[in-house]
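The values are calculated or read from the model by the stated rules, or taken from the named source; none is laboratory data. The structure displayed is predicted, hence computed values, not measured ones. Glycine gets a Cβ as well: all are built from the backbone with ideal geometry, and neighbour counts include every protein chain shown. In case anyone asks, the SASA skips ligands and DNA or RNA and just uses the protein heavy atoms, side chains included. Shrake-Rupley method; radii C 1.70, N 1.55, O 1.52, S 1.80 Å.
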Amino acid sequence: QVQLVESGGGLVQPGGSLRLSCAASGFTFSSYAMRWYRQAPGKERELVATITSAGSSTNYADSVKGRFTISRDNAKNTVYLQMNSLKPEDTAVYYCWVVRQGLGYWGQGTQVTVSS
């Protein structure tokens, strides 16, 4: 019973910051890489960031590189996305994701709106 629960979204002005959290349960969290995706209205879901199981390596989409940071706390079974210098084009529903035994799992998503 894999479960992923995102939180931390909200309304923020351009240039502001938010930190998203994804609380995981139902699997050995420290054994799995985690990802953040986002989906804006009318657009396909896109990969934002990836972190390895131990947190030793990360990757980012070009659109967020230098502004977003993915991290994890394996003792708390939680993955984070720190978002700085936010732009209106970052507006989307943000989801965390894991593949376990060949099946992908998504959380319910958290809404991020960047607007003046």
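What does the accessible area per residue of region 1-78 come to in Å², with a 1.4 Å probe and no ligands, DNA or RNA counted? Please report the intermediate quantities before stating the final value.
Values: 4240 Å² over 78 residues.
Value for region 1-78: 54 Å² per residue.
What you get for region 1-96, charging only the Cβ of Lys and Arg (+1) and of Asp and Glu (-1), is a dipole of about 100 debye around the Cα centre. Note that region 1-74, at 10 °C in a medium of 1.306 mPa s, gets a Stokes-Einstein diffusion coefficient of 115 µm²/s from its Kirkwood radius over C-alpha pairs.
Short-range pairs are left out: with C-alpha atoms under 8 Å and at least six residues apart, the relative contact order of the chain is 36 percent. Across 64, 48, 79, mean-square fluctuation computed from a Gaussian network of the chain (C-alpha pairs under 10 Å connected) peaks at 64.
Where the alpha-carbon atoms of region 72-116 are placed on the principal axes, they occupy 42, 23, 13 Å, in descending order. Bridging of residue 76 to lysines at a Cα separation below 28 Å is possible for 65, once same-chain residues fewer than 8 apart are set aside. For region 1-17 versus region 39-108, the spacing of their alpha-carbon centroids is 10 Å.
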